[in-house]
Amino acid sequence: MCRHLAYLGPPRTLHDLLYAAPHSLHVQSWAPRRQRYGTVNADGFGVGWYPPGTGSETAATPVAPLRYRRAMPIWGDASFADAARALTSGCVVAAVRDATVGFGSEESGAQPFRADHLLFSHNGAAEDDEALALALGSPPPPGALDARAPVDSAPLFAHTLRLWRASGDLPSALAAVVRRARRHSRGRYNLLAGDGATIVGTTAGDTLFILRRPAAGPGEGDEVFLASEPFDDGHGWREIPDDSVVVATPEHTDIRPLG
């Protein structure tokens, strides 16, 4: 029950990515157009980004992303909107939150979650959060405080992190998490993640769209967005079919069944 966005491409300011478009994530916090569950996303927000030149695609040792998050609505933080004009990145994951019923709106529940050089966001809700926590969340992986957050997304992040650390295969990890989560609790499990070089999403009960287009500058290659809903009315958006995994790199996009 939120809206989230991932970007991969030539460095752009966080203001461009979160605020500038006609139906940006900022606007979606109070006026989403395609949200099926909930009506407003006022229970916090967060953004994680890899500083230019330090992402996983260029660093010999992958660098941990930076992150900013608050428990307030994104529209209430004018200072961050100003700072975002000076922050640039070529890989970003961001979300505005509508808290699941029964969970608070403290900052620890705002996403994206992070550990190592991974950023993670969950759009959805588990019907049986206790069963999910028992099956996927315990014991929490070391070095991942976000896996202990008091929210139903935390066990999904915990298991994603375990699988990703073991295999290095982010698309397979997300797909496996959704499959296992569904065995223990009905719910909506749209996951979104980035590692600095790739962005990956799942569609499992809610919407996700993709946009790939040439970057504005000559010779800069493509830029690609994964988003809960389009941030403009351009014609390049494609809706990802339900029960899919989408993987985007600077060179190509792959959409496959969850399995």
* State which residue is surrounded by the fewest Cβ atoms within 10 Å (Cβ to Cβ) when the search covers only segment 155-180 and only residues that are in contact (Cβ under 8 Å) with a residue 40 or more places away in the chain and over 23 Å from T207 (Cβ atoms). => R165
* Could you check, for segment 193-200, whether at least one of its residues is in contact with a helix residue (DSSP H, G or I) (Cβ under 7 Å, 6 or more places away or on another chain), surrounded by fewer than 21 Cβ atoms within 10 Å (Cβ to Cβ) and part of a loop (DSSP other than H, G, I, E, B)? => yes
* Asked: Hey, N123 hits all of (1) closer than 20 Å to L211 by Cβ; (2) out of contact with any His (no Cβ under 9 Å at 6 or more places or on another chain); (3) surrounded by 16 or more Cβ atoms within 10 Å (Cβ to Cβ); (4) not acidic (D, E) but one; which does it fall short on?
  -> (2)
* To do: Scan segment 88-115 for residues that are buried (at least 19 other Cβ atoms within 10 Å of the Cβ) and not aromatic (F, W, Y) and report the count.
  => 18
* To do: Considering every residue within segment 104-111, establish whether at least one is within 14 Å of the chain's Cα centre (by Cα), closer than 17 Å to H4 by Cα, assigned to a loop (DSSP other than H, G, I, E, B) and at pLDDT 95 or above.
  => yes
* Pair list, Cβ < 8 Å and 6+ apart or interchain, from segment 95-120 residues that are free of Cβ contacts under 8 Å to residues at least 40 places away in the same chain to residues that are surrounded by fewer than 20 Cβ atoms within 10 Å (Cβ to Cβ) and of a type in the set (G, A, S) -> none
* Is it true that some residue in segment 132-142 is among the hydroxyl-bearing types (S, T, Y) and surrounded by fewer than 23 Cβ atoms within 10 Å (Cβ to Cβ)? -> yes
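Each row is one residue, and each column tells you yes or no for (1) under 22 Å from G109 (Cβ atoms); (2) touching a strand residue (DSSP E or B) at 6+ places or on another chain (Cβ under 7 Å).
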{"site": "S153", "(1), (2)": "yes, yes"}
{"site": "A158", "(1), (2)": "yes, no"}
{"site": "R186", "(1), (2)": "yes, no"}
{"site": "D206", "(1), (2)": "yes, yes"}
{"site": "S228", "(1), (2)": "yes, yes"}
{"site": "P241", "(1), (2)": "no, yes"}
* **Restricting segment 1-31 to residues that are touching a strand residue (DSSP E or B) at 6+ places or on another chain (Cβ under 6 Å) and assigned to a loop (DSSP other than H, G, I, E, B), the residue that is surrounded by the most Cβ atoms within 10 Å (Cβ to Cβ)** => S29
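The values are calculated or read from the model by the stated rules, or taken from the named source; none is laboratory data. Because the structure is a prediction, the values reported are computed rather than measured. Virtual Cβ from ideal backbone geometry, glycine too; neighbours counted across all protein chains shown.
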